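Student: Let me begin by handing over the structure; questions about it come next.
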Amino acid sequence: MHSVLAAALGLAQVATMMSVSEGTGYPRCYTSPCERLVSGVPWWDTLQSVASPLYPRKHSDGFIKAIGPTEAIRSQFSHAEFETVIDCSGKCVLPGFVDAHTHPVWAGDRVHEFTMKLAGASYMDVHQAGGGINFTVEHTEAASEEELFHSFKQRLERMLRAGTTLVECKSGYGLKLDTELKMLRVIERAQREMDIGISSTYCGAHSVPKGKTAKEATDDIIEHHLPALKQMALNGEIHVDNIDVFCEKGVFDLESTRRILVAGKAIGLHLNFHGDELNPMNAAELGAELGALAVSHLEEINDKGISALAAAKCSAILLPTTAYILRLKQPRARDLLNAGVIVSLGSDFNPNAYCFSMPMVMHLSCVNMKMSLKEALAAATINAAYSLGKSHTHGSLEVGKQGDVVIINAPRWEHVIYQFGGHQELIEYVAIKGNIVYKNERILSL
């Protein structure tokens, strides 16, 4: 891979977004894109001006060096050397997409359950019949580490081709300590060997293992799983960023969730968990109370929970693919946005919601959750990075941030959301840390 100059020459659009206000550590105006500024004007008002994220060869540390009008950039770097120059005339340059919630390490797909759901079976109907998470747990336990890594690698490659440059990846199809650690080692290997950025999440409380009560499973996680994670981290064997719990009726109740999250926080893990998905659990309020980075799903959130998230600056990770495939009511995106909550998006990729594409997630969020195009783009970039504690380095095109860029073959950036299922022909380049990691050789015109 080579350092790349993504030069927007001619009439390219460049979507640039501010992220963290100086001295606060918090994002600036995540929920009001009209106030997100670049050089004193709303960021989309700068789209028709020509801007260029730069990665000079002699300073190829992977961070953006400059953004500005083409002529100013050419003058500033007139004597610099570049290994690659991309002419973006008539194209758009976007921040790499950030997928804030996925379950990508597993064996044994559940395509057979799709028919059951179409016939009317609910998520919990499938779960209680021995399907769902339990089905995947059995197959994941039986799979070798190498088999899991091979399938995981292919999934990450497909995400990358859809423009995702940073992805949150959970364990959670092990439940038993040995299998959970096997999954986390697979994620660790991918972090070391692949270009795509990964935020690793321990999700051993994804379901209650067969033969145990929720209390017994909670005790096991606190007394055995978390100490093992801590020791492996100290040994440099794995690096886990977040802890997740499925806070749900019939799974882990609010008190069990609290105990696990508090124990996880005590060993330095960020709190980022499932809540208020199928039943109102007051999970949003719990997340706000405990200082969680984010709570996911939230189809059943109440007004008090929305206010709590807003006050705590705890991100709401919404997953429109899940509501779509399970025929759930849509998350209250507009209410969350209007209340000032930092709304993020994730694909929820898993055997139950088989979607790799953040462009499709953004489309669903606009059509089904009534988000605007600008809100969806922010939620799939800077806000999603915030939910993973990485908005200071990822999610927007700013000097000093990591050079993660998507270049699309379209004169307007909105095409990446507008063209439902069309990202394969739109995304021409993906760069991570200034290196081209994907080039579409078979790009077609609009």
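Student: For residue 198, enumerate residues with amide H under 5 Å from its amide H, sequence gap 5+ or separate chain, H modeled in the peptide plane.
Tutor: When sequence neighbours closer than 5 places are left aside, the close amide H contacts are 167.
Student: Summing +1 for each Lys or Arg and -1 for each Asp or Glu, what net charge is found among the other residues whose Cβ lies under 14 Å from the Cβ of residue 347? Before the final figure, lay out the partial values.
Tutor: On the way: positive: 155, 158, 161, 170; negative: 99, 168, 348.
Neighbourhood net charge equals +1.
Student: Could you pull out every one of the aspartates and glutamates with an alpha carbon less than 14 Å from that of residue 374, ignoring same-chain neighbours closer than 8 positions?
Tutor: Within reach: 35, 45, 414.
Student: A further question on this structure: Taking Cα pairs under 8 Å and at least six residues apart, what relative contact order does the chain come out at, in percent?
Tutor: Relative contact order of the chain: 21 percent.
Student: Also, I was wondering about something else. Taking the solvent-accessible surface of protein heavy atoms with a 1.4 Å probe, what is the per residue accessible area of the chain in Å²? Walk me through the numbers before you get to the answer.
Tutor: Values: 17320 Å² over 446 residues.
Each residue of the chain exposes 39 Å² on average to a 1.4 Å probe.
Student: How much mean residue ellipticity at 222 nm does the chain get from its helices, if each DSSP H run of length 4 or more adds -39500 (n - 2.57) and you divide by all residues, to the nearest 500 deg cm²/dmol?
Tutor: Value at 222 nm, helices only, nearest 500: -10000 deg cm²/dmol.
Student: Moving on. In whole percent, what relative contact order does the range 83-148 give with Cα contacts below 8 Å and a gap of six or more residues?
Tutor: Relative CO of the range 83-148 lands at 37 percent.
Student: Continuing with this model, one more query. Just 148, 319, 377 to compare: in a GNM of the chain, with alpha carbon springs under 10 Å, which one fluctuates most?
Tutor: 148
Student: Still on this structure, please answer the following. How much accessible surface area, in Å² rounded to 10, belongs to the heavy atoms of residue 332 with a 1.4 Å probe?
Tutor: The accessible area comes out at roughly 70 Å².
Student: Using the Karplus curve 6.51 cos²θ - 1.76 cosθ + 1.60 with θ = phi - 60°, what ³J(HN,Hα) values do you get for each residue of the range 123-130, in whole Hz, with x for Gly and Pro?
Tutor: 4, 6, 4, 5, 4, 6, 8, x
Student: Give the lysines reachable from residue 265 as a straight Cα distance under 17 Å; neighbours fewer than 8 places away on the same chain don't count.
Tutor: Reachable lysines: 170, 230.
Student: In whole Hz and in residue order, list the ³J(HN,Hα) couplings for the range 205-212 that follow from phi through the Karplus curve 6.51 cos²θ - 1.76 cosθ + 1.60, θ = phi - 60°; x for Gly and Pro.
Tutor: Once θ is set to phi - 60°, the couplings for the range 205-212 become 9, 7, 7, 8, x, 4, x, 10 Hz.
Student: Under a Cβ-Cβ cut-off of 13 Å, what is the net charge of the residues other than residue 384 that fall near it, where Lys and Arg count +1 and Asp and Glu count -1?
Tutor: Spelling it out: positives minus negatives among the neighbours equals -4.
Student: Looking at the chain, send over the antiparallel percent of its DSSP beta bridges, to the nearest 5.
Tutor: Antiparallel bridges make up about 35 percent of those DSSP assigns within the chain.
Student: Same structure again: Check residue 121: other-chain or 5+ apart residues with amide H under 5 Å from its amide H, H built from backbone geometry?
Tutor: Answer set, sorted by chain and number: none.
Student: A further question follows. Using the alpha-carbon centroid of each, what span in Å lies between the range 338-399 and the range 406-444?
Tutor: With the range 338-399 and the range 406-444 each reduced to a Cα centre, they are spaced 17 Å.
Student: Right, another one. For the range 303-310, take each phi angle, set θ = phi - 60°, evaluate the Karplus expression 6.51 cos²θ - 1.76 cosθ + 1.60, and give the result in whole Hz per residue in order, putting x for glycine and proline.
Tutor: So the Karplus estimates, Gly and Pro as x, are 4, 4, x, 4, 4, 5, 4, 4 Hz.
Student: For Cα pairs less than 8 Å apart in space and 6+ apart in sequence, what is the mean separation divided by the residue count of the range 353-428, i.e. the relative contact order in percent?
Tutor: So the answer I get is 28 percent.
Student: If I compute solvent accessible area with a 1.4 Å probe over the protein chains, what percent of it on the range 206-309 is carbon and sulfur?
Tutor: 53 percent
Student: Can you sort 202, 418, 429 by solvent-accessible area, 1.4 Å probe, largest first?
Tutor: Ranked list, largest accessible area first: 418, 429, 202.
Student: Under 10 Å, Cα contacts only: if you run a Gaussian network model on the chain, which one of 199, 372, 347 comes out with the highest mean-square fluctuation?
Tutor: 372
Student: Determine the sum of side-chain charges near residue 291: Lys and Arg each +1, Asp and Glu each -1, restricted to other residues whose C-beta is under 13 angstrom from that of residue 291.
Tutor: Taking every Cβ under 13 Å from that of residue 291, the sum is +1.
Student: Still on this structure: Beyond 18 Å between alpha-carbons counts as too far, so tell me which of 212/249; 176/249; 153/182; 210/329 fall in that bin.
Tutor: Values: 212/249 16 Å; 176/249 21 Å; 153/182 15 Å; 210/329 29 Å.
Violating the 18 Å limit, Cα to Cα: 176/249; 210/329.
The values are calculated or read from the model by the stated rules, or taken from the named source; none is laboratory data. In this text, all values refer to a predicted model and were calculated from it rather than measured experimentally. A quick note on method: Cβ atoms are made from the backbone with ideal geometry, for glycine too, and the neighbour counts reach across all protein chains shown. We work out accessible area using only protein heavy atoms, side chains counted, and drop any ligands, DNA or RNA first. Shrake-Rupley method; radii C 1.70, N 1.55, O 1.52, S 1.80 Å.
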